[in-house]
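Taking it in order: structure first as structure tokens, then the write-up.
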């Protein structure tokens, strides 16, 4: 791990799985993503009019995995570790774990700035459930002090959420970009809107990449993914666009069960590519 020099990208493993609504081995995923990263080059292949971009000069630091992150004490440890990583880096990437990791990751990156912070989720689900689970992180962050008017949820799907949670999102003033809307708008346009809304408080932004926003065919290791989700390319594009904005201080990759992946490892490989895409975004700042 680097000493006192600046870190461009900090990795934190958060192997949470115990409070998941669906049985999952998501605690295996942080290690699997790190292993998959070894498969890829740090070079971006440009169009003929662009320069080649090499991510090798970026400074990375892996802060390791949080021990037993599912309990209240584990969440406190996660928040503290993410905070240490955040003050030393441009971007913290949390490797989940189920979607419960969003709470402690965001709180750690925001610190005392939660009153001005923003949240962007790419997710098929609202995550506004009661209780403590992978279905409740957005509600819990609001209860912790996040202004729901600075939340943007991209990719919400029909037949994946109850009407009660849809009404809750509307009543709270959350901006919801339905999956249908993504057919007629570019990801660049969507992310520009999301960053404007989430950044309205002029505070730090957290981005939750819930990989089950993707079509089930490309993410077989996501238990809650639906047929008709977004493409792997769209998720990768979103990761790069989000991380290119300096207001985005943290990003999590969640809801993958490494033990349920296909033989070709396509879900874990997509997660690893999202790490690289986010790194490319940081390099473009």
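No lab work stands behind these numbers, since they all come straight from the coordinates. Note that this is a predicted model, so its numbers are computed, not measured. Positions of Cβ are backbone-derived with ideal geometry, glycine not excepted, and every protein chain shown enters the neighbour counts.
Can you say what percent of the DSSP beta bridges in region 7-283, counting only those with both residues inside, are antiparallel? Round to 5.
Beta bridges within region 7-283, antiparallel portion: roughly 5 percent.
Can you compute the modelled spin-label distance between residue 172 and residue 87, with each label point 7 Å from Cα toward Cβ, in nm?
Output for this residue pair reads 2.9 nm.
Report the FRET efficiency, 1/(1 + (r/R0)^6), for residue 200 and residue 51, where r is their Cβ-Cβ distance and R0 is 51 Å, rounded to 0.05.
For R0 = 51 Å, the calculated efficiency reads 0.90.
With an 8 Å Cα cut-off and a minimum separation of 6 or more residues, compute the relative contact order for the chain in percent.
22 percent
Report relative contact order for region 39-175 in percent, whole number only (criteria: Cα-Cα under 8 Å, sequence separation at least 6).
With pairs under 8 Å counted, the relative contact order is 17 percent.
Where in region 218-259 is the amide nitrogen less than 16 Å from a point lying 7 Å along the Cα-to-Cβ axis of residue 22?
218-230, 254-259
Using only C-alpha positions, report the orientation-averaged shadow area of the convex hull of region 67-139, nm², one decimal.
Result: a mean projected hull area of 5.1 nm².
Have a look at 42, 148, 15 and tell me which one the Gaussian network model of the chain (Cα, springs below 10 Å) gives the largest fluctuation.
42
Stick to Cα atoms and the Kirkwood definition of Rh, then tell me Rg/Rh for the chain.
Dividing the radius of gyration by the Kirkwood radius yields 0.93.
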